[in-house]
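One structure below.
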């Protein structure tokens, strides 16, 4: 049995950031990674994917952005390469090809059982992220066997699909980007739209993330939000990191030739049935976007940032949407319906009814257990690299105190 102070499960951005902070605190640790460093960024992203955040925000502890394109957007391959370099620079003690199979109290501390042996430690950081498994609705099983069904983790580019029509289900970041790419390639695309978050790529001449960072919204803390559970379930915003910095919303998608329908609610008689609530969802997304832009306008006026006038996006316009979509001619359905983390090695008492880790700002109920890399973990930007780094610094302080208390009590 191997012994260390801290076991970090996962060697993606969150795990590597934690390793950097633990190294700075001279805390002995190991990272257990079931595959390779940055595996999902290298093997589970489509070819054209870029980060939703500009490069200057793609920073981690000890790894500031140092390139010559701070306002650009890194490709998935560039993110993967940077994470591998990061692990090398911080000399992260990663044990790859190691799958965790059980986590149990050791009194004191924890036993972490893997397919490569057991570790004993005083604290565990779960840094496996929130996008490990695509969430595919049960109605997918009702589609004809001849229709190819993919999740965003398996989609690569338009050339890999059959020649027929494509139905993309889900209009958050993944769905809107894939639908946009397919439409621009000349494909006949229908996008099924549920609840979504609309944002312009740029506003008043600056990236929307610059504004959210500047007005303090990105750093809003988890314990300052009224309905935290709902905020954590919100879909990712309709943004794309294209080199031309264009907005990617329903207006742009329809102008390019795609059709929009409501969210998928069933399959019957060779047709996909769709909700009739699309107009309400669109109105709600526009209202929320305008509230944010009102806040930015007020900040710009107070700070005398009036060098560039408001260029508020036009309201979303949709025709009366169909409530049924014929499956005739559809070759491919892409389920961009979100992700779910899985923790088969974790006591179910530590999970809520949705299978999500129960935590308070990343601190779990049982002493010595921590979660990292989850949406709105400690601040609104927790889902992005910049937020992961900030969260890691906070949790390292708590973890350091936990280890010190254990030493004092020994």
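The values are calculated or read from the model by the stated rules, or taken from the named source; none is laboratory data. None of these values were measured; they are calculated from a predicted model. Virtual Cβ from ideal backbone geometry, glycine too; neighbours counted across all protein chains shown.
Here are the numbers:
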read-out: In the range 303-325, the residues that are at pLDDT 90 or above and touching a helix residue (DSSP H, G or I) at 6+ places or on another chain (Cβ under 8 Å); value: 312, 313, 314, 315, 316, 317, 318
read-out: The lone exception for residue 194 - which of (1) under 29 Å from residue 292 (Cβ atoms); (2) touching a strand residue (DSSP E or B) at 6+ places or on another chain (Cβ under 7 Å) it fails; value: (2)
read-out: Contacts under 9 angstrom Cβ, first residue in the range 110-132 being at positive phi, partner crowded, with 17+ Cβ neighbours inside 10 Å and assigned to a loop (DSSP other than H, G, I, E, B), 6 or more apart; value: 117/98; 129/10; 129/12; 129/341; 129/372; 129/373; 129/374
read-out: Selected residue (criterion: surrounded by the most Cβ atoms within 10 Å (Cβ to Cβ)) from residues of the range 120-137 that are part of a strand (DSSP E or B) and in contact with a helix residue (DSSP H, G or I) (Cβ under 8 Å, 6 or more places away or on another chain); value: 125
read-out: Strands (runs of 3 or more DSSP E) wholly inside the range 145-257 containing at least 2 residues that are surrounded by fewer than 16 Cβ atoms within 10 Å (Cβ to Cβ); value: none
read-out: Of the criteria (1) surrounded by 16 or more Cβ atoms within 10 Å (Cβ to Cβ); (2) over 26 Å from residue 261 (Cβ atoms); (3) in the same structural domain as residue 248 (by TED's automatic domain parsing), which one residue 350 fails; value: (3)
read-out: Selection within the range 58-78 - surrounded by 21 or more Cβ atoms within 10 Å (Cβ to Cβ) and touching a strand residue (DSSP E or B) at 6+ places or on another chain (Cβ under 9 Å); value: 73, 74
read-out: Condition broken by residue 309, with the remaining ones in (1) touching a residue at least 12 places away in the same chain (Cβ under 8 Å); (2) surrounded by fewer than 15 Cβ atoms within 10 Å (Cβ to Cβ); (3) within 30 Å of residue 169 (Cα to Cα) satisfied; value: (3)
read-out: Residue check, residue 389 outside any helix (DSSP H, G or I), in contact (Cβ under 8 Å) with a residue 40 or more places away in the chain and farther than 21 Å from residue 108 by Cβ; value: no
read-out: Residue among 317, 332 that alone is touching a residue at least 40 places away in the same chain (Cβ under 8 Å), within 28 Å of the chain's Cα centre (by Cα) and not in a loop (DSSP other than H, G, I, E, B); value: 332
